[in-house]
Structure formats: C-alpha cells, structure tokens
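Since the structure comes first, as structure tokens, the remarks are kept for the end.
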C-alpha cells in the first residue's frame, strides 16, 4: 500500500497533508507539478509545492520504482496488480512493476470500464493527461480514495490529509465511479461502472469455489515472510491452511483482552494453530490499557462507531505485534461473510444473493477504510483474498441452498474447508464477531459504565466530529424516526429530513398519511426538511427521490442516507440503487431485526406513535388513533397473516413524540376517512 495525493486549482500545505498519512509509505516519496518530478527519502526533502501537483508515498512490495511517474501524462498509484506480468507480456510494455504497468495500460488504451476490468488486483490511482485529472479505485473499494470539489479538485488516500488542506466538503469516492476533472473549465464528470455476478456459471460449485479460493490466496502470497490476522475461525484458518500447504513462511497473529479469563478468539486461535501446525503469536491487552489504544485508534479511523472501534482495536493490537516482527504484508479473512452468507440477515433474506451483493457493495464504508488505515499505520500491506474479483463474482451466483442449509451458514465454504484438510469442528465453528471474541467490546462497555455513559457517548470523547452526515428518509412514522434516532445515538449527524409527498395513496415506495406533518417534526428536531411532491407512479417516483437526495447533498453536504426499512426488499433495493448512483452511503439499522423486538424497543425508548391508517383483514377503524404500546403489540400479534410492524402496508403510524424532538406534537383534531371495513385513514391536525 502507498499514499497518493493531488491538488488542482486550489492551494494548501501539501507537505503537511502528506505528513498526516506518512505511515502509508516509508520507502520514499515524490511530488510532481506540470513540468518536474522530485523524489526524496522523506517528506522533509520534498520541495514546497502548494498547488497543481500530485504527490506519492511509497510502500514497496513489488519493485521499488519512484512515483509520480511521468510519460505522456503524470501518474500516481496505490496498487497491487496480481496479473501485471501477464498484461506486460500481452502488450509488450516492459514495465518495471505493477504501477508502471497500470500507467502504460491507461496510456495505451485510455480510461474505461473495459480497461479496468482487465486488471486482477486492487488499486487507487490518479492520472493527469491532456488537461484532465482522472481518479479511480478497484470496484469493491479495497484501496481507499477521498476527494473534494469544494475548492478546485483535491484527492488523497486518507480523509485526514484533505482536512489538513483546509477542506470541509470531503467525500469518499464510490468504487463504482471514475471521476474526471477538467483543470481548465473546473468541470467534474463521473463515469459509472457496474459490479455484477458472473454469468453462465460452471455448476460444479464446490470444485470451482475451491479452485478460485486457492488462486485468490496463492496469487497474494508475497516472496518474503508475511502475517495472517488469525482468530481460529473458518475464514482465517482457511487462508492459513492454503499458505501452509504452499510451503511458505508466515506467522499468525491474534489479540484479546487480558483478564480473569482468556479471550474466546485467543483460545480458538491457539487450538487451531496447535492442531494444524501454524506459528502463532498472541497479544493480550489489560483493560487498563484499552483507553490508551482508543486514544490512538478512534482518531486514526476517523470514526467513533462502536462496532468499527471494537473491531479496530482488535486488529490494531495484532498489527502492532506484526510490525515489531518486521512483517510488511498481512492477510485478513474479511469478505467471507458477504460471499458465502455468514450473517443472520442472510438467513432471513428472500433472496440470499441479493443480500450478499448489497453487503458487498457497502463493505468499503463499513470495513475497508478502517482496516486500511490501521494496517497502513503499522506499515503493513493488507491482502484480502475473499474480496478477489473473480471469486466474488462467482460466489454471487452460487445457489442459496448451497450457502445456507437450515441453520448452517457458509455451507459450501465449510465443505471445501474439510476437503482441504481442516478438521470438522474447526470448519463448522460458528462466527463470533471480532469485537466480542476478543473481549474488547466488553472492555469498552466497562469503561463507558465507569463514566456513566453509553459506549457511543464514551467513544465520542476521542473523536468529536460526526461519523457521517446523514439525511433521514422521513415518513412521519415510527420506523423512519427510530432508525434516525439509532444512527444519532451512534454519533452520526442527522443533517436534514427528506419526505416525499405522493399523490398516489397506494404508492409502492412512500408513506402517504399525514406526511404534511413532517414540517412540524423538522421544526421540533431543529433540522431542515426537503419535501418533494411525486405523482407516485411505480418506478418513476424514484426519479423524485433522486432529485431530493441530490438537493440534500448539494445544500447540506450529506454523505449518506438512513432508512427505516425492516423487511421490504422492494424499498431497500431501490433506495440503495438511487444512493449508489449519487455516491451516498446507505444505512438501514432496522434491517431484518425481529419485528416484535423493534416495536418493543420503540415503545420502551420514549417513542409515542399512533396508528393513522389501516389496510388489512382484522384491522378496523377502531384501531385508528391507538398508541403503539406493549398492549397494542400483543393485540397485533394475535392477528393472523399480518406483518406486525406494518411494513407490508397493513397500517401506518404517526410519531407524536420521541427522543429526537425538542417539543411533542399536540393533536388538535382528527377525521376518519373510511374506504371499507378494513381500509381507513385518520387525518390529523397538529401543532407543536
């Protein structure tokens, strides 16, 4: 891994920005303006160029070639291209390493989705030629890249480098977009790419999966000694077994909490390593030292999300140990859960592979940036064989029944693991998330309780900025309000509400009763509201949603969207599609949660919501105006054939008060509009 940075039609302290991510490259650095390239062993030795330049920090794994590279254009890269020798021979380039090959390929064939599809590897690159700067990254987003068009055009491997340049409107580049900037006109353009499952799959699924997994690991094994982040679970054990069978030298690393009992992950890691003959090193951190780690890690990953931090501290401790051993490349089993359906939400999904793809497309926001900056801070190159492009595309086409067999998830991976010699009990081990298996989540919880704070509030002390600025898709109902509240509790900023007012009361996408009250909700929350009218025509109403989100992004600088979807694939898939096109991250904190549990949480956390429409057998106008509390939940459970959360359109709700509000609503009056015995609406007049 390396670090890249560029600044055009703007100015800033480039050397200071490079210093903020200096650990990305200790093997040299360089900077290039339109005429000259300068190289130095360290950042201090670079000239003080402050505008219209590209800079590079070198972490050398495949040949030490200084960057930026200058030929027809100027090029910088953070890349690992595994088929670079094959492409070099194919095109007779005589390139010195993978980065130069990538530059030669772009200069020969141009910048397009077809050219990038030839690459087998991961990358974040920038190319300046003919007055245009192009930035792009691998399609799943393993290599990070951030940019800003707030003032001119700036980009960097890490967000904090752009902050050092004085920028505020900073976005992570969507991996499915190629961004191009015209340095003369100042115009930025986007070219979209797609990530799809392979077509015409070989139906010998287990054999092909085994072959692709072996190739994915083998092509990533470096020449020298390397490390593996190891928990003793199936994913890391699978990688270690392939590496051992190849006869290569490696060390497994595991981390956990030191205390009255050994952490679950360390116990499992020791067991698997002992039985399979892997060299293992472990580190146990005392609870007293956890706070010192948090002070490093939370600002490093620029996020105070409890899950991200819990996983991050586990990874950081293991990487720190590997760094002391002089390791430069480390493997992780990240991605396996999304390929082979390892989460509970996959078991509940109507279409397992649609759920797998959804998670895979969001993995860059959820996991990859955190893991990249943690490994790079420890001067380690992270390699992720389960995110191999060919493997991922094939896995998305494996039939659901080969991934989930009753309660047995990741079935095909477990079967392949046994075939290559992994003991049955290890192959069948249930996953325990890293933050729990290591014991670090428990330690963070104890520290938070000592301060009489929630875990989120406690972690916010180490990073005061909001994690991501969000727009809440707002229906005025319970689910959208509860989802927004959950995200706010996790230190995400709710920057605005977005409400679609549909002329079609039977809209497939949008809640219609009493949506005009959204303006009172926004006033009570002290956030702006974007209200858009839509005809409610199926599919066409998505254009209106896109326009509203684009306006929110432009006016309020939102970076993501929170949705209250629980089980509606129809809604979630379409929201995700619109968000992906706008490079907005999507959060669905209620997705596939138990419906009764969600209703119970809403009731017990100070949400006062009433039923304002009904459309299901067993529901009559007498239900209208009833408060959703535990007594009503019991009555809903007694009805047959309905979705008790109302997500199937059985009923709609209106939030009267909740923890997001500064003032509750006061109901002044109401009127019932009845269509049939089981279909009616309550029109409510309110003020704060």
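Out of the range 548-584, which residues are closer than 20 Å to residue 191 by Cβ and not in a helix (DSSP H, G or I)? Those that are closer than 20 Å to residue 191 by Cβ and not in a helix (DSSP H, G or I): 582, 583, 584.
Taking the range 216-244 as the range and being touching a helix residue (DSSP H, G or I) at 6+ places or on another chain (Cβ under 6 Å) and assigned to a loop (DSSP other than H, G, I, E, B) as the test, the residues that pass are 220, 230, 231, 232.
Tally up the residues in the range 398-427 that are farther than 20 Å from residue 243 by Cα and either in contact with a strand residue (DSSP E or B) (Cβ under 9 Å, 6 or more places away or on another chain) or not assigned by TED's automatic domain parsing to the domain that holds residue 256 (or both), please. The total comes to 1.
Of everything listed in (1) touching a residue at least 60 places away in the same chain (Cβ under 8 Å); (2) more than 15 Å from the chain's Cα centre (by Cα), the single unmet condition for residue 308 is (2). Taking the range 381-430 as the region of interest, the helices (runs of 4 or more DSSP H) fully inside it that hold 1 or more residues being out of contact with any helix residue (DSSP H, G or I) (no Cβ under 8 Å at 6 or more places or on another chain) and within 30 Å of residue 328 (Cα to Cα) are 389-395. Of the residues that make up the range 323-331, is at least one touching a residue at least 60 places away in the same chain (Cβ under 8 Å), part of a helix (DSSP H, G or I) and either assigned by TED's automatic domain parsing to the domain that holds residue 217 or under 23 Å from residue 560 (Cβ atoms) (or both)? No: the range 323-331 contains no residue that is touching a residue at least 60 places away in the same chain (Cβ under 8 Å), part of a helix (DSSP H, G or I) and either assigned by TED's automatic domain parsing to the domain that holds residue 217 or under 23 Å from residue 560 (Cβ atoms) (or both). Taking the numbered list (1) assigned to a strand (DSSP E or B); (2) modelled with pLDDT under 95 in turn, residue 151 passes all entries but (1).
Search the range 631-665 for residues being in a strand (DSSP E or B) and closer than 23 Å to residue 494 by Cβ, and hand back the single one that is modelled with the lowest pLDDT.
652
Counting only helices (runs of 4 or more DSSP H) that fall entirely inside the range 441-543 and contain at least 1 residues that are within 20 Å of residue 306 (Cα to Cα), touching a residue at least 40 places away in the same chain (Cβ under 8 Å) and outside the structural domain of residue 595 (by TED's automatic domain parsing), the qualifying elements are 455-460. No other residue among 235, 271, 223 is in the same structural domain as residue 392 (by TED's automatic domain parsing) and free of Cβ contacts under 8 Å to residues at least 12 places away in the same chain apart from 223. Filtered by the rule that a residue be touching a strand residue (DSSP E or B) at 6+ places or on another chain (Cβ under 9 Å), surrounded by fewer than 18 Cβ atoms within 10 Å (Cβ to Cβ) and either at pLDDT 95 or above or closer than 15 Å to residue 584 by Cα (or both), the range 543-555 gives 547, 551, 555. Taking first residues from the range 190-213 that are farther than 30 Å from residue 177 by Cβ and partners that are modelled with pLDDT under 85, the Cβ contacts under 7 Å between residues at least 6 apart in sequence or on separate chains come to 208/202. Among the residues of the range 668-684, those that are in a strand (DSSP E or B) and more than 12 Å from residue 612 (Cα to Cα) comprise 668, 669, 675, 676.
If you go through the range 605-631 and keep only what is surrounded by fewer than 17 Cβ atoms within 10 Å (Cβ to Cβ) and either closer than 16 Å to residue 648 by Cβ or without any contact (Cβ under 8 Å) to a residue 12 or more places away in the chain (or both), you end up with 617, 618, 622, 631. Summed over the range 343-370, residues that are touching a residue at least 60 places away in the same chain (Cβ under 8 Å) and either part of a helix (DSSP H, G or I) or not assigned by TED's automatic domain parsing to the domain that holds residue 242 (or both) total 16.
Can you name the condition, by its number, that residue 140 falls short on among (1) touching a residue at least 40 places away in the same chain (Cβ under 8 Å); (2) within 25 Å of residue 166 (Cβ to Cβ)? Condition (2) is where residue 140 drops out.
Quick check: is even one residue across the range 207-215 in a loop (DSSP other than H, G, I, E, B) and over 28 Å from the mean Cα position of the chain (by Cα)? Scanning the range 207-215, I find no residue that is in a loop (DSSP other than H, G, I, E, B) and over 28 Å from the mean Cα position of the chain (by Cα), so the answer is no. Just one residue in the set 598, 612 is at pLDDT 90 or above, in contact with a helix residue (DSSP H, G or I) (Cβ under 9 Å, 6 or more places away or on another chain) and not assigned by TED's automatic domain parsing to the domain that holds residue 349; that residue is 598. For the residues 28, 73, the requirement of being at positive phi and either touching a helix residue (DSSP H, G or I) at 6+ places or on another chain (Cβ under 7 Å) or modelled with pLDDT of 90 or more (or both) singles out 28.
The values are calculated or read from the model by the stated rules, or taken from the named source; none is laboratory data. Fair warning: this is a prediction, and the values are worked out from it, not measured in the lab. Note that we place each Cβ from the backbone using ideal geometry, even for glycine, and neighbour counts take in every protein chain shown.
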